[in-house]
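Here the structure is laid out as structure tokens; the discussion comes afterwards.
The values are calculated or read from the model by the stated rules, or taken from the named source; none is laboratory data. Please read all numbers here as calculations on a predicted model, not as lab measurements. Heads up, the Cβs are rebuilt from the backbone with ideal geometry, glycines too, and the neighbour counts pull from every protein chain shown.
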Amino acid sequence: MKKIIILGLFLLLVQIVNSQALYRSFPSDVLGEERNVKILKPRNYSENPEKTYPLVIVLDGDYLFEPVAGTVDYLSYWDQMPESFVLGINQRESRYDESEINRESGFPEQQTLRFMDFVMELKQTMEDEYRVAPFTVIVAKDITANVASYYLMRKKIPVNALLQIDPDYSTLIQQNLINKLSQLEEYNYFYVATPESNNTLSELITQETDSLFATKKNLNLKHDKIEDTNKYNVSAHAIPRGLQFIFQEYSLIEGEKLLEVDLAEEMKYEGKENKKDMVRVIDRILEKYKMIKEVYGVDMKLRLVDLVTIAEYVESKKDWDQLIDIGVLAHKEYPDLLYGRYVEGLGYEGIGRYSRAIKAFNAAYGLQPAVGITKDDVLDKVELLQIKEKD
């Protein structure tokens with residue numbers, strides 16, 4: 001039943017994307033001919049003239065574009081990944097010619113090399129014509145996934161992430177893939193999904209390679225062996241899982257993960273008198289957004305929902321001083337909303353500084369309600385604290 005629901009959602013997303021996509025004939029200097037491409041622009045592109053967006057390039061766009069674009073649109077709507085451009089390249093008549101590898105040398109044939117250069121030509125055109133962030137993902141399947149892997153053989157890797165679905169790797173790629181990945185210096189993501197029956201990747205990506213990459217913080221590598229799938233339906237599962245893996249640093253903060261990281265941090269300093277170097281929750285959220293900008297090229301303000309998550313977590317720990325700092329940060333990010341001042345007031349109330357808390361709540365009263373907190377809630381807080389002050 002779960003598989004049927006996923007496929008049903010997939011078909012719905014395809015229908016939505018079909019009505020939104022831009023179809024374009026692109027004259028290529030590299031190929032010396034025009035090629036058909038499909039482009040899905042981010043939903044709020046025109047409303048955010050200063051914002052830049054990652055680029056997701058889809059090979060085999062004649063059948064992979066719609067499911068990829070639909071998933072990007074869905075995940076970005078729920079803030080699980082940034083809004084992104086999706087560019088699909090139609091290869092219905094040419095995929096075999098443009099994926100041909102020389103059996104003797106192991107390197108791409110000339111037409112395949114021209115196609116690879118054409119993909120980079122398209123990438124450059126997108127960067128010239130639109131506000132594209134310096135983060136590019138290539139999505140490909142079986143033989144085109146093999147072709148995409150050859151970008152790793154170049155001196156300067158022109159992409160930041162590869163999402164590979166049931167790849168049909170050539171011997172040269174199988175022999176050099178792990179070595180090339182280990183040489184990467186910039187922040188990169190390499191996600192490979194295969195049906196349960198495919199054992200080729202299990203032989204390439206083993207526990208030994210996992211330990212090899214454990215110290216390389218810049219490389220994120222995952223082989224996802226998806227149960228109960230075959231070469232036809234594996235894409236429906238791999239696309240959302242792969243995109244979430246690639247954009248894991250962007251996704252919303254979860255309370256459970258905060259607890260896990262916090263416990264690990266406390267264990268590091270257990271028994272130590274000097275704990276001033278402990279990384280606080282507020283520091284981690286600031287580091288997260290710094291990383292979003294550095295890795296994905298997306299400069300964004302702190303999301304209110306993330307601030308609410310860390311505030312609730314810190315309040316549950318009764319870490320009142322840090323709660324005050326979160327309130328100050330929230331007010332800085334959202335000065336028109338009462339939330340920041342309200343949280344600041346909760347912090348001062350927690351440490352027993354009632355007069356200072358009342359001042360913060362009074363400041364909150366003059367601002368706009370947010371996240372379910374009303375002006376009546378603020379007044380209730382003020383009245384209760386005034387009673388406490390008299391006692």
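Quick one: in segment 301-313, which of the residues that are in a helix (DSSP H, G or I) and charged (D, E, K, R) is surrounded by the fewest Cβ atoms within 10 Å (Cβ to Cβ)? Even if it seems obvious, please write down each step before you answer.
First, pick out the residues of segment 301-313 that are in a helix (DSSP H, G or I): 304-313.
Those left that are additionally charged (D, E, K, R): 306, 312.
Numbers: Asp306: 19, Glu312: 14.
Ranking the qualifying residues of segment 301-313, first place goes to Glu312.
The residue that is nearest to Gly242 (Cα to Cα), counting only those in segment 152-167 that are crowded, with 18+ Cβ neighbours inside 10 Å, of a type outside the set (S, T, N, Q) and out of contact with any Lys or Arg (no Cβ under 6 Å at 6 or more places or on another chain), is Leu163.
Touching a residue at least 40 places away in the same chain (Cβ under 8 Å), closer than 30 Å to Asn188 by Cβ and in a loop (DSSP other than H, G, I, E, B), is that true of Val298? Step through it out loud before you land on a result.
On the way: touching a residue at least 40 places away in the same chain (Cβ under 8 Å): yes; closer than 30 Å to Asn188 by Cβ: yes; in a loop (DSSP other than H, G, I, E, B): yes.
So Val298 fits the description; yes.
Looking across segment 198-235, the residues that are acidic (Asp, Glu) and either modelled with pLDDT of 70 or more or within 18 Å of Lys141 (Cβ to Cβ) (or both) come down to Asp224, Glu227, Asp228. On inspection, Arg341 passes the criterion of being closer than 24 Å to Leu258 by Cβ and in the same structural domain as Ile282 (by TED's automatic domain parsing).
Rundown of residues vs (1) surrounded by 19 or more Cβ atoms within 10 Å (Cβ to Cβ); (2) within 30 Å of Glu50 (Cβ to Cβ), yes/no style:
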{"site": "Ile292", "(1), (2)": "no, yes"}
{"site": "Ile358", "(1), (2)": "yes, no"}
{"site": "Ala370", "(1), (2)": "no, yes"}
{"site": "Ile387", "(1), (2)": "no, no"}
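Look at (1) assigned to a helix (DSSP H, G or I); (2) closer than 26 Å to Gln175 by Cβ; (3) under 20 Å from the mean Cα position of the chain (by Cα) and you find that Val119 fails only one, number (3).
Give Ser149, Ser84 a once-over and let me know the one that is hydroxyl-bearing (Ser, Thr, Tyr), within 30 Å of Asn230 (Cβ to Cβ), crowded, with 21+ Cβ neighbours inside 10 Å and touching a Ser or Thr at 6+ places or on another chain (Cβ under 7 Å).
Details: Ser149 fails: touching a Ser or Thr at 6+ places or on another chain (Cβ under 7 Å).
Ser84 is the lone residue from the list that is hydroxyl-bearing (Ser, Thr, Tyr), within 30 Å of Asn230 (Cβ to Cβ), crowded, with 21+ Cβ neighbours inside 10 Å and touching a Ser or Thr at 6+ places or on another chain (Cβ under 7 Å).
Residues in segment 236-276 that are at pLDDT 90 or above and of a type in the set (Phe, Trp, Tyr) were compared, and the one that is farthest from the chain's Cα centre (by Cα) is Phe245.
For the structure I just gave you, tell me whether Tyr334 is buried (at least 21 other Cβ atoms within 10 Å of the Cβ), outside the structural domain of Ser84 (by TED's automatic domain parsing) and among the hydroxyl-bearing types (Ser, Thr, Tyr).
no
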